[in-house]
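Enquirer: Here it is: the structure, laid out below.
Derivation of every value follows stated rules applied to the coordinates shown; laboratory data play no part. Just so you know, these numbers come straight off a predicted model, no measurement behind them. Here the Cβ positions follow ideal geometry from the backbone for every residue, glycine too, while neighbour counts run over all protein chains shown.
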């Protein structure tokens, strides 16, 4: 059994060897979001540009005893302007990551997904939780539990590919994706089982690349080798999955929160599919979780730089 935070600590240790990633922090006007940005900067994970009302940011810093010396700031009047300006900094090439502050997620994401002036790519935008579950041997990526409510089969292709690319950025050697449902057999009365089977065949046809997929799998089949043995499931993924693709947001959100509150897991969060990684943190996040979310974004940004270099050469 791995110790608590052991997997996150490995991420942080590796990121300390990399240069800080320039990051636009949108509206860090409460203690948790500002402390997260400043703490990540002090660890050398990110080089933040604080985007928001200067007076409010400085008041929070004074109240919490945070040192803002050397941190550049972009003055805005309100949260909507903060979101728009943070996205502009990305589009201008001044930052390689985006971090949510104390504004609502929808407010930031509405600027990200704008058709004109946003950060869209050809890929569907999706969210991943990177779960540090003490009782599980490796980090678990769960997608999508925060952005796509009821994704179509076509959208699930992008959602899974985003998660696979993330796993590679996190230096996961063998990416094993379990496409989850309530059962491990295809049942036409349960649409998620049919879609799971289709996704696996699409992976066979190289429409999804970089991982081994299996599904449908119930949660126990995905993560418990004992369950796999009892049910005689022949699979290289079953019992050893490191990516869990859920049928919809409700299932993913309940799964992630169950692991958090019943299994003592931490849940770092990131949005993928945009031009840059987007760090999503919550007021309820621990300091370690906020730092881990930043570390994940640093590794994604590094992977993108490496891929861009390969493309040029």
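Enquirer: Using packing as a proxy for protection, rank 55-61, 68-74, 18-24 so that the peptide with the highest average count of other Cβ atoms within 10 Å comes first.
Expert: Per-residue Cβ counts within 10 Å, averaged per peptide and sorted highest first, yield 18-24, 55-61, 68-74.
Enquirer: Cα axis of helix 31-42 to longest principal axis of the chain: angle in degrees, 0 to 90, nearest 10?
Expert: Tilt relative to the chain: about 90 degrees.
Enquirer: Rounded to whole Å, give me the distance from the Cα center of segment 211-240 to that of segment 156-194.
Expert: 12
Enquirer: Using only Cα atoms, find the angle between the long axis of helix 79-91 and the longest principal axis of the chain, and express it within 0 to 90 degrees, rounded to the nearest 10.
Expert: Between the helix axis and the principal axis of the chain, the angle is about 80 degrees.
Enquirer: Going by alpha carbons, how many degrees (0 to 90, nearest 10) lie between the helix axis of 249-262 and the longest principal axis of the chain?
Expert: Helix 249-262 sits roughly 80 degrees off the main axis of the chain.
Enquirer: Another question, then. How much space per residue, in cubic angstrom, does the convex hull of the C-alpha atoms of segment 122-273 take up?
Expert: Values: hull volume 15.9 nm³, N = 152.
Hull volume over Cα atoms, normalised by residue count, gives 105 Å³.
Enquirer: Thinking of segment 206-313 as a set of Cα atoms, what percent of all their pairs are more than 23 Å apart? Walk me through the intermediate numbers first.
Expert: Details: 2659 of 5778 pairs.
More than 23 Å apart: 46 percent of the Cα pairs in segment 206-313.
Enquirer: At 0.36 nm per residue, and after removing the present C-alpha to C-alpha distance, how many nm does the segment from residue 185 to residue 91 gain when stretched out fully?
Expert: 29.3 nm
Enquirer: What is the spin-label model distance, in nm, from residue 115 to residue 43 if the labels are put 7 Å beyond Cα along the C-beta direction?
Expert: Label at residue 115, label at residue 43, 4.0 nm between them.
Enquirer: Within segment 95-129, name every residue whose backbone N is under 12 Å away from a label modeled 7 Å from Cα of residue 56 along the Cβ vector.
Expert: Correct set: 101-104.
Enquirer: Suppose we keep just the DSSP beta bridges with both residues in segment 122-273; what percent of those would be antiparallel, to 5?
Expert: Rounded to the nearest five, the antiparallel share is 50 percent.
Enquirer: Continuing with the same structure: Just checking my list [x] 1.00; [y] 1.43; [z] 1.38 against Cα Rg over 2.2 N^0.38 Å computed from this structure; which label fits?
Expert: [x]
Enquirer: Can I ask one more? Give the calculated FRET efficiency between residue 155 and residue 236 to the nearest 0.05, with a Förster radius of 22 Å applied to their Cβ-Cβ distance.
Expert: Using R0 = 22 Å, I get an efficiency of 0.25.
Enquirer: Okay, next question. Test of understanding: extend the Cα→C-beta vector of residue 308 to 7 Å, then name every residue of segment 260-297 with backbone N under 12 Å from that spot.
Expert: 275-277
Enquirer: If you take every DSSP beta bridge fully contained in the chain, what fraction is antiparallel? Give it as a percent rounded to 5.
Expert: Roughly 30 percent of the DSSP beta bridges within the chain come out antiparallel.
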